[in-house]
Structures are given as structure tokens and as C-alpha cells.
Amino acid sequence: MKIFITLLLCGAGLFLFYLWMQARSLQKFDREMLPLMSKLLRNPDLQPEHHRFLLALRARDQRLQQIKSKIPNLGFTYAPSTVVRERLLAHLALHPEDEQGHERFVATFQKVEYLSDADLLEALLQQYVENQNDLAQERIELCLGKAIALPPSLTPILRTYLFETPITFGSARSFYSGVTKLFRLPMEQRQRLYNMTLELLRQNPRSVAARQLVLDVGRWHFGKSHENGSPTVFDDERIRHDIQVATASGKVIEPALNFS
């Protein structure tokens with residue numbers, strides 16, 4: 001029996017070492033991209049460096065696909081190195097309207113399956129607060145869509161994002177996506193998040209996006225209080241009442257649709 005356990009542990013150790021070696025084989029692509037990013041930070045219009053960056057990414061994605069084909073369904077994941085992430089963010093902070101910089105960011109992260117990187121998301125939310133452009137919002141949606149479990153420490157920047165930027169259907173969806181992925185929130189913190197949406201609606205009583213956000217976050221919040229995760233008829237009635245109070249008259253005039 002001891003021999004069997006020893007062999008099992010050795011096999012597990014060898015397999016973990018194999019996974020580690022596969023992950024290391026992807027790092028060479030990061031090393032190729034770093035000097036290109038340094039040049040592009042100084043001069044965003046360098047087309048050859050931009051194309052070489054995208055070629056390195058394609059080679060990385062092909063290698064990643066090869067690795068996954070050898071070890072299917074075993075949870076192998078990959079995320080760009082911290083240095084790559086920081087340089088991409090630094091570029092976008094200096095050049096928020098640079099479409100090529102945005103393209104490099106999206107291409108870098110679109111093949112990542114799981115991305116619960118709190119530092120990355122905090123930086124992206126802050127960049128949107130500071131610049132409020134469609135490209136910044138697109139990056140937020142991309143990365144939040146890949147998140148699974150986020151730390152409650154993101155709550156302050158989510159609040160800033162909600163109240164210090166114009167309320168749109170896009171920002172409402174992102175706020176909802178962010179708060180519903182916060183990990184192990186107690187009832188009191190969920191209630192505070194729900195209250196945030198009510199305050200937003202009080203400040204924007206004619207906003208359909210704000211009204212829908214209250215409904216979505218409210219149903220998530222009250223549903224979490226039940227074993228089946230679904231709100232009851234009484235919960236829905238309470239949310240409707242809260243919306244009526246927040247909008248005073250109970251009426252919300254629909255504005256021109258804005259899906260940015």
C-alpha cells in the first residue's frame with residue numbers, strides 16, 4: 001500500500017512538473033512582446049512593432065491550443081505575466097484613445113479563459129472613470145466577462161465607477177457583472193450594493209438603465225437569501241416598491257437608447 005501511495009504521489013508530482021514546464025514554454029512570447037511595448041509606449045504609431053506584437057500573440061495562442069489539446073479538461077489556464085499586464089495598462093493610461101493599444105490589449109486577453117485579476121479590473125475601472133471612452137468600457141466588459149470570483153475589496157472602485165460616470169446600459173451591465181461576482185458577500189454588504197443602485201436611481205429617476213440595474217441587483221440580492229437562489233414574489237414586490245419610492249412618481253421616461 002505504501003508503494004502504491006508513493007507511486008501515486010510521484011506521478012502527481014511529475015504531472016504538476018509537466019504542467020509547469022508547459023506554462024514556462026509560453027513565457028518566451030511575453031519576452032518577445034516586452035521590448036515591442038517599450039517602443040510603442042514612446043511612439044504609438046510604430047506600425048512594424050504593432051504587427052510584430054500581434055504576430056507574437058498569434059504564436060502564443062497557437063502554442064496554448066497545442067498544450068490544451070494534450071491535457072484536455074484538466075483545468076490548465078494561462079494569463080499574461082504581470083509585467084505584460086502593467087505595460088499594457090501603462091500604455092493605455094498615457095494614450096487612452098489609441099486604437100492600436102486597445103487592439104493589443106484585447107488580443108492579449110481575449111484567449112484567457114479565467115481572469116479574476118482584481119488589480120487589473122481596478123485599473124480598468126479607474127481608467128474609465130478618468131477617460132470615459134468606449135474603448136475603456138469595452139476592456140472592462142471583456143475582462144469582467146472572464147471573471148469568476150472577485151474580492152470584496154473591489155467594491156469602492158465599483159461604486160466610483162457607478163456614480164462618477166454617466167449611467168448607460170453598458171455601465172449598468174458591467175456594475176451588475178462585477179457585484180454578482182464578488183466572492184462570499186454577507187447579506188449586509190449585498191444590501192449596501194442594492195442601496196447604491198437605489199441611490200443612483202434617485203439621482204437619475206428618468207433613466208431606464210438605472211431602473212433595470214435596481215431590478216437586476218435587487219433580484220440577485222434577495223435571491224441569495226434563499227436556498228434555491230431565486231427571489232420570491234414578495235421580494236419582487238419589495239423591489240417594485242423601492243423603485244417607485246426612488247422615482248417618486250413611479251414613472252420612468254425612456255430616453256434615447258445608448259448601448260455604449
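Only residues that are out of contact with any Pro (no Cβ under 6 Å at 6 or more places or on another chain) and either modelled with pLDDT under 95 or open to solvent by 90 Å² or more (accessible area, probe 1.4 Å) (or both): list them for the stretch 208-229, please.
Step one: list which residues in the stretch 208-229 are out of contact with any Pro (no Cβ under 6 Å at 6 or more places or on another chain), which gives 208-218, 220-221, 224-229.
LYS224, SER225, HIS226, GLU227, ASN228, GLY229, listed by residue number.
Does GLU199 satisfy the condition of being exposed (fewer than 15 other Cβ atoms within 10 Å of the Cβ) and of a type in the set (D, E, K, R)?
Working: exposed (fewer than 15 other Cβ atoms within 10 Å of the Cβ): no; of a type in the set (D, E, K, R): yes.
So GLU199 does not fit the description; no.
Among the residues of the stretch 201-212, count how many are more than 22 Å from the chain's Cα centre (by Cα) and either among the polar types (S, T, N, Q) or within 15 Å of PHE169 (Cα to Cα) (or both). Spell out how you get there, then give the answer.
Of the residues in the stretch 201-212, the ones more than 22 Å from the chain's Cα centre (by Cα) are 201-208, 211.
Remaining after also requiring either among the polar types (S, T, N, Q) or within 15 Å of PHE169 (Cα to Cα) (or both): 201, 203-208, 211.
Matching residues across the stretch 201-212 total 8.
Taking helices (runs of 4 or more DSSP H) that do not extend beyond the stretch 171-250, which have at least 3 residues that are closer than 26 Å to GLN127 by Cβ? Steps first, answer last, please.
On the way: elements: 187-203, 208-223, 233-246.
Hits in the stretch 171-250: 187-203, 208-223.
Being among the hydroxyl-bearing types (Ser, Thr, Tyr) and buried (at least 17 other Cβ atoms within 10 Å of the Cβ): is that true of THR77 here? Talk me through it step by step, then tell me what you get.
On the way: among the hydroxyl-bearing types (Ser, Thr, Tyr): yes; buried (at least 17 other Cβ atoms within 10 Å of the Cβ): no.
When the stated conditions are applied, THR77 does not pass them.
Tally up the residues in the stretch 152-171 that are open to solvent by 10 Å² or more (accessible area, probe 1.4 Å), closer than 19 Å to GLN191 by Cβ and touching a helix residue (DSSP H, G or I) at 6+ places or on another chain (Cβ under 8 Å), please.
Within the stretch 152-171, residues that are open to solvent by 10 Å² or more (accessible area, probe 1.4 Å), closer than 19 Å to GLN191 by Cβ and touching a helix residue (DSSP H, G or I) at 6+ places or on another chain (Cβ under 8 Å) number 5.
With the checklist (1) at pLDDT 95 or above; (2) among the acidic types (Asp, Glu); (3) open to solvent by less than 50 Å² (accessible area, probe 1.4 Å) in hand, flag the one item ASP61 doesn't pass.
Single failed check for ASP61: (1).
Given (1) modelled with pLDDT under 95; (2) open to solvent by 10 Å² or more (accessible area, probe 1.4 Å); (3) closer than 18 Å to TYR161 by Cβ, identify the lone condition not met by LEU115.
(2)
Can you tell me which of (1) within 13 Å of the chain's Cα centre (by Cα); (2) within 19 Å of THR180 (Cα to Cα); (3) in a helix (DSSP H, G or I) is the one LEU162 doesn't meet?
(1)
The values are calculated or read from the model by the stated rules, or taken from the named source; none is laboratory data. Everything quoted here is computed from the prediction, not taken from an experiment. Glycine also receives a Cβ, built like all others from the backbone with ideal geometry; neighbour counts cover every protein chain displayed. Ligands, DNA and RNA are stripped out before the accessible areas are found, and what is left, the full protein with its side chains, is counted by its heavy atoms. Shrake-Rupley method; radii C 1.70, N 1.55, O 1.52, S 1.80 Å.
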